[in-house]
1. For the structure I just gave you, tell me whether A:LYS114 is basic (Lys, Arg) and either assigned to a loop (DSSP other than H, G, I, E, B) or over 32 Å from the mean Cα position of the chain (by Cα) (or both).
2. In this structure, is B:ARG180 farther than 24 Å from B:SER211 by Cα, without any contact (Cβ under 8 Å) to a residue 40 or more places away in the chain and surrounded by fewer than 24 Cβ atoms within 10 Å (Cβ to Cβ)?
3. Name the single residue that is surrounded by the fewest Cβ atoms within 10 Å (Cβ to Cβ) among those in the stretch A:1-53 being basic (Lys, Arg) and over 17 Å from A:VAL105 (Cβ atoms).
4. Residues of the stretch A:33-55 being free of Cβ contacts under 8 Å to residues at least 60 places away in the same chain and within 18 Å of A:LYS114 (Cβ to Cβ), which ones?
5. When A:GLU176 is evaluated against the numbered criteria (1) within 14 Å of chain B (Cβ to nearest Cβ); (2) within 21 Å of A:LEU9 (Cβ to Cβ); (3) without any contact (Cβ under 8 Å) to a residue 24 or more places away in the chain; (4) of a type in the set (D, E, K, R), which criterion, by number, is the only one it fails?
6. Do you know which residues across the stretch A:16-44 are assigned to a helix (DSSP H, G or I), modelled with pLDDT of 90 or more and not hydrophobic (A, V, I, L, M, F, W, C)?
7. Check whether at least one residue in the stretch B:92-106 is modelled with pLDDT under 95, within 20 Å of B:ALA350 (Cβ to Cβ) and touching a Gly at 6+ places or on another chain (Cβ under 9 Å), and report yes or no.
8. Any idea which of (1) at pLDDT 80 or above; (2) at the interface with chain B (Cβ under 8 Å from one of its Cβ atoms) is the one A:MET82 doesn't satisfy?
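The values are calculated or read from the model by the stated rules, or taken from the named source; none is laboratory data. None of these values were measured; they are calculated from a predicted model. A quick note on method: Cβ atoms are made from the backbone with ideal geometry, for glycine too, and the neighbour counts reach across all protein chains shown.
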Amino acid sequence: MVDVSLTILVIDENPVRSAILEEGLREAGFTDVVRLDTTHELLRRVYQIDPDVILMDLANPSRDVLEQMFQVSRMVKRPVAMFVDQSDTAMIEASVDAGVSAYIVDGLRKERVKPILDMTVSRFNAFDRLTRELDQARTELADRKLIERAKGILMKSRGVAEEEAYALLRKTAMNEKKKLSEIAQSVVTAAQLLG
Amino acid sequence: MTRETALDPNRSPATGRSLERLRVGFIPLVDCAPLVVARDLGFAEAEGLELDLVRETSWANIRDRIVLGHFDAAHMLAPMPLAARLGLGHLTAPILAPWVLNHGGNSIAISTALHDAGGAWGAVDDPAAAGRVLARLVVERAERGEEPLTFASVHPFSCHDQQLRHWFAAAGLDPDSDLRIVVVPPSYMVDAMAEGGVDGACVGAPWPSLSVEAGVGRILLTTGSIWPATPEKVLGVREVFAERRPEALAALLRALDRAGAWIEDPANRPDLAARLARPEIVGVPEALVMRALAGELRAGRDGAPVSVPGFLRFHGAGPHGAINRPRVADGLWLAAQMLRWGQVRDRDRAFAAARAAFAPATFDAVFGPPGAARDDETVRPFDGAPFDARDPGAWLDAHPRPVGRPG
């Protein structure tokens with residue numbers, strides 16, 4: 001059962017990812033979700049929001065800022081525990097692998113927090129997958145353009161047809177155990193150097 | 001060389017031997033140098049290791065990743081293995097410090113506004129004089145009803161935090177009521193000082209020099225003048241790693257030893273400064289790294305460099321023997337600070353954690369026993385009574401928390 005009364009604070013400098021996470025949490029029934037995409041005046045804002053759960057991306061250097069805050073009990077209204085349950089290393093591992101850390105108000109029961117963490121981990125992983133797919137698509141496009149340029153250079157300098165230029169690139173790549181795009185890059189670079 | 005050898009990426013091109021891969025986390029600071037040098041100059045490879053160095057953004061990430069086994073070893077703040085053993089703020093995990101990466105390298109920088117308000121603060125190696133000025137300013141501000149001064153450290157369990165507290169307390173100030181201590185990541189420190197969010201900060205090189213160059217800060221004190229010859233960063237490993245892969249750990253210590261010797265040679269400083277300045281390592285101008293390596297600091301943007309011999313030490317002999325050898329006395333000293341400031345309450349547990357984390361057994365097994373038993377040699381902070389590791393409780397009894405100013 002989802003406990004909608006919990007206040008969840010999402011601190012993530014990537015506004016797209018935090019929007020995706022917020023949407024997921026709202027769909028799951030959590031209505032009190034606050035997002036911060038800057039760590040400016042972090043302590044004051046955390047104190048004002050007084051969240052039950054804080055989710056923070058691991059690439060954020062301000063993790064150390066939060067941890068100091070939890071050490072000094074008078075800086076927070078309620079004591080904070082890191083992660084949901086110290087014995088649940090699988091959950092912690094899944095969070096860290098996904099690139100997110102969780103801080104929970106001490107005493108909050110595991111079953112109340114678990115759906116939040118599950119949602120966070122799956123949304124972070126989905127975002128990561130999307131980013132990787134996008135990166136891959138970009139690289140593939142760039143590689144294709146590079147190979148076209150290398151083919152053109154070979155066709156001109158060696159007076160060969162397009163298929164033959166491509167076969168030459170492929171054979172070289174296989175012999176040198178390199179990617180086709182790497183050989184293409186070498187051809188383009190060499191052509192630039194030689195003028 | 002056989003064809004298989006040539007194709008196997010895990011084999012050393014130099015020796016043809018198979019390399020054992022170790023993932024090591026680090027934070028962009030000058031004192032990550034031994035790890036970078038061990039990798040770049042082939043000292044690790046000569047020991048049969050391939051170092052995969054992973055730059056991290058927070059000490060919290062370093063801790064989580066070593067505890068989870070993502071890292072085999074890591075660049076760690078010296079109090080972190082104790083905090084991990086005591087389960088402070090996180091999972092309880094038996095972390096060892098089998099190697100001390102460096103002594104020194106931290107400075108306390110203050111904003112130019114605070115510097116101007118204080119007037120004559122004294123020399124960078126005179127914490128007593130600077131403390132008197134600070135105490136006067138704290139009293140004046142309180143009398144005017146102003147907010148207390150805010151100083152930054154880098155992590156709750158750090159020498160930076162403990163050195164600031166020690167200096168405040170020696171000046172008769174209560175670090176928790178007369179002043180405020182917050183954490184600011186080093187890379188944000190210059191901005192925080194410029195915006196007035198912090199009045200001062202205790203941070204490792206090269207970041208204090210960046211505040212000087214940006215015209216927003218002054219280097220007030222080197223922390224070697226507060227605590228001479230104490231470990232600043234250590235190599236942290238899990239106990240289970242030391243047990244299961246003793247050969248790999250020994251090889252890593254030997255590689256770090258050779259890297260340290262290379263670093264200590266002044267002729268290698270320009271090369272090292274260029275390596276550390278790279279964007280994927282520390283990512284700051286070479287000249288600022290060089291200041292830390294050479295111990296030639298500029299306290300302010302105008303003015304001559306101040307020479308601080310031994311500002312940052314990576315290798316060789318210190319007052320208590322080889323500086324890279326972990327000493328139980330140093331672990332007990334750090335535990336005593338954690339006890340003094342209330343981060344942990346149980347003395348027996350804290351001292352037991354220190355004895356386990358800073359045990360020199362691994363080091364001695366690799367490099368042989370030390371010439372003279374120096375494990376109990378005292379730590380000598382600037383303000384009087386030395387810390388005798390044979391009776392760490394006595395120092396604590398003699399150094400209670402200062403009583404905060406009334407109101």
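1. Values: basic (Lys, Arg): yes; either assigned to a loop (DSSP other than H, G, I, E, B) or over 32 Å from the mean Cα position of the chain (by Cα) (or both): no.
When the stated conditions are applied, A:LYS114 does not pass them.
2. Numbers: farther than 24 Å from B:SER211 by Cα: no; without any contact (Cβ under 8 Å) to a residue 40 or more places away in the chain: yes; surrounded by fewer than 24 Cβ atoms within 10 Å (Cβ to Cβ): yes.
No.
3. Start the filter on the stretch A:1-53 by keeping residues that are basic (Lys, Arg), which leaves A:17, A:26, A:35, A:44-45.
If we keep only those that are over 17 Å from A:VAL105 (Cβ atoms) as well, we get A:17, A:26, A:35, A:44.
Details: A:ARG17: 22, A:ARG26: 13, A:ARG35: 15, A:ARG44: 10.
Filtering the stretch A:1-53 for residues that are basic (Lys, Arg) and over 17 Å from A:VAL105 (Cβ atoms), the one surrounded by the fewest Cβ atoms within 10 Å (Cβ to Cβ) comes out as A:ARG44.
4. Within the stretch A:33-55, the subset free of Cβ contacts under 8 Å to residues at least 60 places away in the same chain is A:33-52, A:54.
If the condition is that a residue be free of Cβ contacts under 8 Å to residues at least 60 places away in the same chain and within 18 Å of A:LYS114 (Cβ to Cβ), then A:VAL33, A:PRO51, A:ASP52, A:ILE54 are the ones that fit.
5. (2)
6. Taking the stretch A:16-44 and keeping what is assigned to a helix (DSSP H, G or I), we get A:16-27, A:42-44.
Filter again for modelled with pLDDT of 90 or more, leaving A:16-27.
Those that are assigned to a helix (DSSP H, G or I), modelled with pLDDT of 90 or more and not hydrophobic (A, V, I, L, M, F, W, C): A:ARG17, A:SER18, A:GLU22, A:GLU23, A:GLY24, A:ARG26, A:GLU27.
7. So in the stretch B:92-106, the residues modelled with pLDDT under 95 come out as B:92-93.
Those still in the list that are within 20 Å of B:ALA350 (Cβ to Cβ) too: B:92-93.
Among the residues that remain, those that are also touching a Gly at 6+ places or on another chain (Cβ under 9 Å) are: B:93.
Yes: one or more hits.
8. Result: A:MET82 fails condition (1) only.
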